[in-house]
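S.K.: Submitted below is the structure of interest, expressed as structure tokens.
The values are calculated or read from the model by the stated rules, or taken from the named source; none is laboratory data. Predicted, not measured: the structure shown is a model, and the values here were computed from it. Here the Cβ positions follow ideal geometry from the backbone for every residue, glycine too, while neighbour counts run over all protein chains shown.
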Amino acid sequence: MGFLAPLMLIGGAAAGIPLALHFFYRARYRPVPWGAMKFLRLAVEQTSRRLQFQELVLLLLRIFLMMLLAVALARPVTCSKVTAGKRGEAVDAVFVTDLSYSMNAREGAKTRLDLAKEAALKIIDELPANSTVQVITCTDRAVAAGPKSPRNLDQARLLIKNLQATQQSTDFLPGLTEAVAALGRAEGSAKEVYLFSDLQRGGWERESSAVRLKCDEIRAQGALFLVRCGTQAVRNVAVVDLKPQTDIPHTGSRMPFTVLVKNTGTEPVTGLTVTLKVDGQPLDKDAQPIEKIAPGETKPVTLTGKIDQAGWRVLTAEVKPDQLDDDNKFDRAILVREKVRILIVDGSPNERDPEKAGSYFLAHALLPVPDEFKFLYHVRPTVVKAADASPGLLSDKEACILVNAPLGGPGSVPADFVQRLGEFVKDGHGLMITAGPNVEKGVYNRLLGPGGSGLLPMELGDAFEAPKDAPLFPDPASIDEKSFLARFRLSANDPFLQLRDAYVMKAVGVVEPKAEQLKDSGRVLMRYNDGRPALLGKQGGDGEVLFLTTAVDKDWGFFATNLTFQPFVHGAMTHLIERSAAGFNRVAGEPIRWTPKDLNKSYQVTRPDGSRARLGKPQGGATEQLALTVSDTTRAGVYTISEEGREVGTKFAVIPDLRESETMDPLPDQQIDELLGFKPEHLTSGDETTTKAETVRSRNEWTVTALLALLLFAVFETALAWFCGKAW
Amino acid sequence: MPSTYLQPSVLSRAEALGIKARSIVEGLRVGDHKSPFRGFSVEFVQHREYAPGDDIRHIDWKGYGRSERYTIKQYEQETNFAAHILLDGSKSMEYGDRATNKLEYAKLLAATLSYVVVKQRDSAALNVFGADWRVELPASSSMANVNTILHTLEGIVPEDTTRIGPLLEQLADRVRRRGLVFIISDMFDEVDAVLKGLKHLRFQGHDVTVFHVLHPDEVEFPFTGNVKFDGLELPEEIKTRPHLIRPAYQRVVNDYLKELRAGCDAYRVDYVRMNTGVPIEQPLSKYLVTRLQMGRL
């Protein structure tokens, strides 16, 4: 409990007036000569105790009335802290404005951010005199945006009007944390926090426990208002991925690219068109229609095109505008190569019968062209025997495949090569390991497991065989929709993608880690139909390792001879090699860090909106490589880092944080209350916003209640005084 | 004899009704009132057969005409009485303004009673008391005595406290001959003492009437505001807000009146409440009529 005008409490001293009157006031009596004194005496004796009690009750009541009057005039409020309250009923308001890209969703002619701004400006206009405003912008991180002087409401208004949404996702925790800090800086006793947002699920659920605690902290200091900006369901289709389909980007031939489109809204969308551009220019066959996509459905779309020049290129997939434009475009930077060199280390070569060699089907899958065209093909696999593998062979390779390679014993892969493999992967290259008879679990676990180079995704177990009448096959349903194998799951009718036909008779077992070991472990990318892992993956530095638990020869099954093998191999290689482009592809909010070749020059960055910022020379610490850093990547699009004064430079693609599109449905008020464990003040942007805020403000103030109580007690005192004959 | 205490309207009514002794009293002369002695006096009692030697003036000739028998009428011998008028002259009788002053009212009553008694050739005596007897005028049936009574009444001022009970007992011991006793007082004394005195008087055979004179204020207690009540008889004061204690006061007074009345009824003492706000002839007439009716029963 606090007071807006605490000085008025001094008036409580007036409670002494009835007390003083009671003891010192001498009433005037009219003298009457009287004969029947004995009757009078008896009557007085009979009534004296009752009269004294009535007098005492009246006295106490009058003292209480005086004190209640003082309390009412001091304007009591329900807030936890009573401060000096020098500013009377002034309010210290903190505005947390959600700038995630869902706020750009259009509802009618306005976006949700427009509605948020309108509501915020209205609230500022209706704040009591001497109030302050602090503005905090919030996405998955928070920034105290100002104003410099919280009392400068004009500055606050300008700030709010100039707010722009980002392409980042929502997490309310940073914004609420910053709001708590802002409340701590406020001087007054009446504190209010306003969260202007579409209140989508993602913002609440990402760190729900911590959000709840922060809201409790806010409630302990003041009032929490949730201003819902936007109430309509949004029709939205998002481009959630774009990647080369089964081929490593190269020049000279048409390449397929997979664009994943997802309906994140609540209504089906029909008549979509997906387009693809390279460096802003449309590709041939650049548009692909999607007849209908249901709510929650993800559809892959294949677009092909030919890129003639090698080097870094930016692909852009786009769908036509809907109610939310921010996730309609997806940029991806790719390195287009003229040749892709892959080293295959064969642990079971067979010069006499090449078909029995472990690398036979693999090499053919990587070079699926007639011999006369192999030289022209963009993939250049190099096959070496295990014992012949040397570190120098990796110098010009994009990826390496260990095929049934022994790591110990005669004919095994040399130790320096194994060691070099660790650096190879860490530098951003790819490694794929396939199983076979030469893959001994003990040796592999020791040399490539956590105690060795750490390349092995999981601990290997014993090999096992499937019954002849019930062979294993990779289960498409076990594939994550977001993995590079997604098309095997999503394309049900393509004969080249029917994994169920790729029978496996034998495979290496895997010891899947317990929950506490998951952090340092790899993950299962695909399982057999019996649930055992078929393909494992693990990130190592900037690169990645894939482990296939079966062999790619005919001894362990028909995986390598199935139609799906070639797209599988190409997809795996594409995936591994494309990881090197990770640094060139960021999510909004992630910094871009890049080391140019010339460290002595100054550089600049050109943002997607065309604005430029100077970066200077590459910087770095004692143990850190010199690099250029672009921190402000709140907007999605293409960022170009170039030498100062030059237009052309290295391109980087920043995509929206698509977590926002995944959890766009707003959380209803009731669920928010359940999550928080209390009921904050729910407002909706519109005409009622300020009215309700004022209502809540006055509800927190108990002056009227105190005055009503005073009136009630005064009436009661009057009635009692009249009854007792002691009316003033 | 002009006097402020002899009001024609009161006298005429009282005279017409007269004051009859309800119980058998002793008197010196042959008057209107019953005597315990029988003889040939005015009031017929019964017939008896004529015996030679009886006074033929008392033969009931009408009866002879009816029965052709000679019968003699027998009469009760009627005597006069002495009325002792006891007037309370204590300070408490001072209450009231001129029109409703208790003492003036009591004086008026005393004067009226004395006049009526003497007019019907009975004797009237006046005794004024407070804490003790202040004035004692002997009984006399002459009009000059009435003048003396009137003159005495005019000179009486309220003073002293009230001590009725013992004084009544003194009177009872002193006055041996049965007569009428009229007590005119506000009776502001202990009920038990008063009743004891009344009982003593009744034991001596007196026909006692209590005229309880009260001011309306003393019964209704209509005061408001802050009032300091100053005792008239004793130096005491009570400050109060009368409206706060009014119900209790009225209860106390009513209880007292009930007790006094009950006591009077028990001892067959006539009790007449005299409200000084009501003209005296009303209660007095009512009283006299009641006595008349009781006397014929």
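S.K.: Part of a helix (DSSP H, G or I), touching a residue at least 12 places away in the same chain (Cβ under 8 Å) and among the β-branched types (Val, Ile, Thr): is that true of B:Val157 in this structure?
M.R.: Values: part of a helix (DSSP H, G or I): no; touching a residue at least 12 places away in the same chain (Cβ under 8 Å): yes; among the β-branched types (Val, Ile, Thr): yes.
Taking the combined requirement at face value, the residue does not satisfy it.
S.K.: Quick one: how many residues across the range A:320-330 are buried (at least 24 other Cβ atoms within 10 Å of the Cβ) and in a strand (DSSP E or B)?
M.R.: Matching residues across the range A:320-330 total 1.
S.K.: Within the range A:348-401, work out how many residues are out of contact with any strand residue (DSSP E or B) (no Cβ under 8 Å at 6 or more places or on another chain), part of a loop (DSSP other than H, G, I, E, B), farther than 25 Å from A:Asp542 by Cα and among the hydroxyl-bearing types (Ser, Thr, Tyr).
M.R.: Selection size over the range A:348-401: 1.
S.K.: In the range A:272-295, what residues are touching a Ser or Thr at 6+ places or on another chain (Cβ under 8 Å) and small (Gly, Ala, Ser)?
M.R.: Residues satisfying the conditions are A:Gly280, A:Ala287.
S.K.: Which condition from (1) farther than 23 Å from B:Val213 by Cβ; (2) surrounded by 16 or more Cβ atoms within 10 Å (Cβ to Cβ) is the one that B:Arg57 breaks?
M.R.: Every condition holds for B:Arg57 apart from (2).
S.K.: Say whether the condition of being within 13 Å of chain A (Cβ to nearest Cβ) and surrounded by fewer than 23 Cβ atoms within 10 Å (Cβ to Cβ) is met by at least one residue in the range B:133-147.
M.R.: So the first thing to find is which residues in the range B:133-147 are within 13 Å of chain A (Cβ to nearest Cβ), and the list is none.
No, because not a single residue in the range B:133-147 is within 13 Å of chain A (Cβ to nearest Cβ) and surrounded by fewer than 23 Cβ atoms within 10 Å (Cβ to Cβ).
S.K.: Mind listing whichever residues of the range B:92-104 are surrounded by 23 or more Cβ atoms within 10 Å (Cβ to Cβ) and out of contact with any strand residue (DSSP E or B) (no Cβ under 6 Å at 6 or more places or on another chain)? Step through it out loud before you land on a result.
M.R.: Step one: list which residues in the range B:92-104 are surrounded by 23 or more Cβ atoms within 10 Å (Cβ to Cβ), which gives B:92-93, B:95, B:102-103.
Across the range B:92-104, the qualifying residues are B:Ser92, B:Met93, B:Tyr95, B:Leu103.
S.K.: How many residues are within 13 Å of A:Val413 (Cβ to Cβ) and in contact (Cβ under 8 Å) with a residue 40 or more places away in the chain when one looks only at the range A:437-451?
M.R.: 4
S.K.: Restricting to the range A:573-599, give me the number of residues that are at pLDDT 90 or above and over 28 Å from the mean Cα position of the chain (by Cα).
M.R.: Within the range A:573-599, residues that are at pLDDT 90 or above and over 28 Å from the mean Cα position of the chain (by Cα) number 1.
S.K.: Contact list please: Cβ distance under 7 Å, first residue in the range A:98-112 and closer than 15 Å to A:Arg141 by Cα, second residue part of a strand (DSSP E or B) and of a type in the set (A, V, I, L, M, F, W, C), pairs at least six apart or on different chains.
M.R.: Listed pairs, sorted by first residue: A:Asp98/A:Cys138; A:Asp98/A:Phe196; A:Leu99/A:Cys138.
S.K.: Restricting the search to the range B:92-110, which residues are of a type outside the set (Gly, Ala, Ser), part of a helix (DSSP H, G or I) and closer than 16 Å to B:Phe211 by Cα?
M.R.: To start, the set of residues in the range B:92-110 that are of a type outside the set (Gly, Ala, Ser) comprises B:93-95, B:97-98, B:100-105, B:107-109.
Those still in the list that are part of a helix (DSSP H, G or I) too: B:93-94, B:102-105, B:107-109.
If the condition is that a residue be of a type outside the set (Gly, Ala, Ser), part of a helix (DSSP H, G or I) and closer than 16 Å to B:Phe211 by Cα, then B:Met93, B:Lys102, B:Leu103, B:Glu104, B:Tyr105, B:Lys107, B:Leu108, B:Leu109 are the ones that fit.
S.K.: Still on this structure, I have one more. Go through A:Ala116, A:Ala165, A:Ala105 for me and flag whichever is among the small types (Gly, Ala, Ser), out of contact with any Asp or Glu (no Cβ under 6 Å at 6 or more places or on another chain), within 23 Å of A:Leu667 (Cα to Cα) and at pLDDT 95 or above.
M.R.: Result: A:Ala116 is the single residue among A:Ala116, A:Ala165, A:Ala105 that is among the small types (Gly, Ala, Ser), out of contact with any Asp or Glu (no Cβ under 6 Å at 6 or more places or on another chain), within 23 Å of A:Leu667 (Cα to Cα) and at pLDDT 95 or above.
S.K.: Looking only at the range B:81-124, count every residue that is charged (D, E, K, R), more than 13 Å from the chain's Cα centre (by Cα) and more than 13 Å from chain A (Cβ to nearest Cβ) and tell me the total.
M.R.: 5
S.K.: Further question: Only one residue in A:Glu481, A:Glu459, A:Glu440, A:Glu423 is among the acidic types (Asp, Glu) and within 28 Å of A:Leu563 (Cβ to Cβ). Which one?
M.R.: It is A:Glu481.
S.K.: Is it the case that B:Arg268 is in contact with a helix residue (DSSP H, G or I) (Cβ under 9 Å, 6 or more places away or on another chain), basic (Lys, Arg) and either within 14 Å of chain A (Cβ to nearest Cβ) or closer than 27 Å to B:Arg177 by Cβ (or both)?
M.R.: When the stated conditions are applied, B:Arg268 passes them.
S.K.: Looking only at residues in the range A:31-56 that are loosely packed, with under 15 Cβ neighbours inside 10 Å and assigned to a helix (DSSP H, G or I), which one is farthest from the other protein chains (Cβ to nearest Cβ)?
M.R.: A:Leu56
To keep it simple, each residue is scored yes or no on (1) touching a helix residue (DSSP H, G or I) at 6+ places or on another chain (Cβ under 8 Å); (2) over 21 Å from A:Val552 (Cβ atoms); (3) assigned to a helix (DSSP H, G or I).
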site	(1), (2), (3)
A:Arg487	yes, no, yes
A:Arg500	yes, no, yes
A:Val508	yes, no, no
A:Lys519	no, yes, yes
A:Val524	yes, no, no
A:Arg527	yes, no, no
A:Asp530	no, no, no
A:Lys538	no, no, no
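S.K.: Among the candidates B:Leu87, B:Leu113, single out the residue that is in contact with a strand residue (DSSP E or B) (Cβ under 7 Å, 6 or more places away or on another chain), under 21 Å from B:Leu232 (Cα atoms) and either buried (at least 21 other Cβ atoms within 10 Å of the Cβ) or β-branched (Val, Ile, Thr) (or both).
M.R.: It is B:Leu87.
S.K.: Something else about it: Going through the range A:591-615 one residue at a time, which ones are exposed (fewer than 12 other Cβ atoms within 10 Å of the Cβ) and either of a type in the set (Ser, Thr, Tyr) or out of contact with any strand residue (DSSP E or B) (no Cβ under 6 Å at 6 or more places or on another chain) (or both)?
M.R.: A:Lys597, A:Asp598, A:Asn600, A:Asp609, A:Gly610, A:Ser611
S.K.: Please list, ordered by residue number, the strands (runs of 3 or more DSSP E) wholly in the range B:192-273 having 3 or more residues that are in contact (Cβ under 8 Å) with a residue 12 or more places away in the chain and under 16 Å from B:Tyr95 (Cα atoms).
M.R.: Values: elements: B:207-214, B:227-231, B:237-240.
So the answer is B:207-214.
S.K.: With the checklist (1) touching a residue at least 60 places away in the same chain (Cβ under 8 Å); (2) in contact with a Phe, Trp or Tyr (Cβ under 9 Å, 6 or more places away or on another chain) in hand, flag the one item A:Gln134 doesn't pass.
M.R.: Only one criterion is unmet by A:Gln134, namely (1).
S.K.: So if I check each of A:Asp154, A:Asp92, A:Asp140, A:Asp125, which one is under 19 Å from A:Ala636 (Cα atoms) and either out of contact with any helix residue (DSSP H, G or I) (no Cβ under 8 Å at 6 or more places or on another chain) or not β-branched (Val, Ile, Thr) (or both)?
M.R.: It is A:Asp140.
S.K.: Sticking with this one: With respect to B:Val278, is the statement that it is in contact with a helix residue (DSSP H, G or I) (Cβ under 9 Å, 6 or more places away or on another chain), free of Cβ contacts under 8 Å to residues at least 12 places away in the same chain and more than 14 Å from chain A (Cβ to nearest Cβ) true?
M.R.: Yes, satisfied.
S.K.: Please pick out the residue among A:Arg106, A:Arg50, A:Arg75, A:Arg112 that is within 30 Å of B:Tyr249 (Cβ to Cβ) and not acidic (Asp, Glu).
M.R.: Among A:Arg106, A:Arg50, A:Arg75, A:Arg112, only A:Arg50 is within 30 Å of B:Tyr249 (Cβ to Cβ) and not acidic (Asp, Glu).
S.K.: To continue, here is another question. Every residue in the range A:1-30 that is within 30 Å of B:Pro222 (Cα to Cα) and either within 14 Å of chain B (Cβ to nearest Cβ) or touching a residue at least 12 places away in the same chain (Cβ under 8 Å) (or both), please.
M.R.: At the first step, the residues of the range A:1-30 found to be within 30 Å of B:Pro222 (Cα to Cα) are A:18, A:21-30.
Within the range A:1-30, A:Pro18, A:His22, A:Tyr25, A:Arg26, A:Ala27, A:Arg28, A:Tyr29, A:Arg30 qualify.
S.K.: Can you tell me which residues in the range B:235-255 are facing chain A (nearest Cβ under 7 Å) and not charged (D, E, K, R)?
M.R.: B:Ile238, B:Thr240, B:His243, B:Leu244, B:Ile245, B:Ala248, B:Tyr249, B:Val252, B:Val253 - these are the residues of the range B:235-255 that are facing chain A (nearest Cβ under 7 Å) and not charged (D, E, K, R).
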